[in-house]
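These notes concern the structure reproduced below.
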Amino acid sequence: MKPSPTIREIAAHLGLSIYSVSMALRGSERVAPTTRARIVASALELGYRPNPTIAALMSSMRSKKLTRHLTTMALVIPVNEPQWNGRHRYIVDIVEGVRERCNALGFGYEQFVMQPDQAGWETLNQVIESRGIDGLILGPQYDTVGAHGIDLSRLAYVAIGLTFKETPAHRVTTTTLANIRQALEHTLALGWNRPGIIITDRDNDSVENIMLGAYLGYLHRRIERAPAPLIYKEKDFNAENVIAWMRREGVNAILCSREIVSTWLRDAGVRVGTDVAFALLDRPRGPSELAGIVQRLHEVGGTSVDLLGELIHANERGLAKIPRVIEVEGEWVDGPSMPPCPHYPRR
């Protein structure tokens, strides 16, 4: 991106004083209307982009008033589940990470939870402008994949996840490929030689089939006739289908994102950690008897603030010309649900 010209450069180009150009770009009536219009038109033609952060700082200094936040960010959470009540752990971890990082860096923080069919999307632009919001963090989506009419041309913005597809965007996401590989590496190293994965079709679509590709790609040279993954729709997700798949494929270790599967196994008389190992691909932070991958969603939220702050301070607004993707790798955590396999030599 071509750097924005300085006021000194604009003044030299027009043959005017720096003071006149500075006052005109601030809309001051001390400059004649015709001269002001000529200065503004020339500045825009040269690629001038006012930096609201610096403008706010200068305004605060001139007024001798203490401004608590010179930069304000907003997290927009598009939710397509009517009963969402703010307790979904995936979202909560991201929200906490965003809020804490904003506080640590001195940014103001706003949050908007939007349903796809809410009329509020139509007025969000006005709310963003009236509250002086400088940048947006667009939360992960499922069925909704666009900006819903948000005017991004004047804002810096960052998307979380891979589902914001219609508009070029810098984004921060979990490293799904590395997380699946890491889980499989630990599973095989512990001696469980028939790992199978359970994937919702919605989750797989939201990460561009990376879950499926990571599983098949890792195992195709390591296990002869690897278990077929169980990819299911929500209406077909039940204990009967999971148990039938496990027995049909000869699975002795299950990787999935739903904790309820471990309960179904125990209810069916399967000894978790002895007959079958079990690991969560989205393990919660903190103590748990379940092994698995902690996706570090808290860090995903915090990293999105870091990236958005860079864009704001560099005055990079509007559509991303060369989108950047930052991935946060998860961490494997051992647990009783996946001990060393008692039936096979440890690899």
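What follows draws every value from the coordinates through simple rules; no lab data is involved. Everything numeric in this text was worked out from a predicted model, so none of it was measured. Positions of Cβ are backbone-derived with ideal geometry, glycine not excepted, and every protein chain shown enters the neighbour counts.
Report the residue, chosen from 237, 107, 164, that carries the largest GNM mean-square fluctuation when the chain is represented by alpha-carbon nodes joined by springs under 10 Å. Ranking 237, 107, 164 by mean-square fluctuation puts 237 first. Relative to the dominant Cα principal axis of the chain, helix 89-105 is inclined by about 40°. One way to sum up the overall shape of the chain is the equivalent ellipsoid from its Cα gyration tensor, whose semi-axes run 52, 19, 17 Å, largest first. The C-alpha atoms of the chain define a longest principal axis, and helix 239-249 lies at about 70 degrees to it. Using a Gaussian network model of the chain in which every pair of alpha carbons under 10 angstrom is joined by a spring, one finds that among 168, 140, 78 the greatest mean-square fluctuation is at 168.
Count the lysine pairs in the chain whose Cα atoms lie under 28 Å apart, taking only pairs 8 or more positions apart in sequence or on different chains. Pairs that pass both the separation and distance tests number 5.
Panel order for 9, 234, by other beta carbons found within 10 Å of each beta carbon, from fewest to most: 234, 9.
Compute the normalised compactness of region 7-50: alpha-carbon radius of gyration over 2.2 N^0.38 Å, N being the residue count.
My calculation over the Cα atoms of region 7-50 gives 0.97.
Here the Gaussian network model covers the chain, with springs between Cα atoms less than 10 Å apart; of 220, 13, 313, 13 fluctuates the most. When the Debye formula is applied to the Cα atoms of region 134-234, each taken as the same point scatterer, what base-10 log of I(q)/I(0) results at q = 0.12, 0.21, 0.22 Å⁻¹? Cα-only, vacuum Debye calculation for region 134-234: -0.51, -1.04, -1.10.
Couplings 3J(HN,Hα) for region 325-331, derived from phi with the Karplus relation 6.51 cos²θ - 1.76 cosθ + 1.60 (θ = phi - 60°), are 10, 10, 10, 9, 7, x, 10 Hz, where x marks Gly and Pro. With everything on Cα atoms, drop me the angle between helix 120-130 and the longest principal axis of the chain, reported from 0 to 90° to the nearest 10. Roughly 50 degrees between the two axes. Taking square-rooted eigenvalues a ≥ b ≥ c of the alpha carbon gyration tensor, is region 176-295 rounded, prolate or oblate, where a/c under 1.5 means rounded and, failing that, a/b exceeding b/c means prolate? Rounded, since a/c falls under 1.5. By other beta-carbon atoms within 10 Å, ranking 20, 337 with the fewest at the front produces 20, 337.
Here is the size of region 237-347 from its Cα atoms: Rg then Dmax, 19.7, 60 Å.
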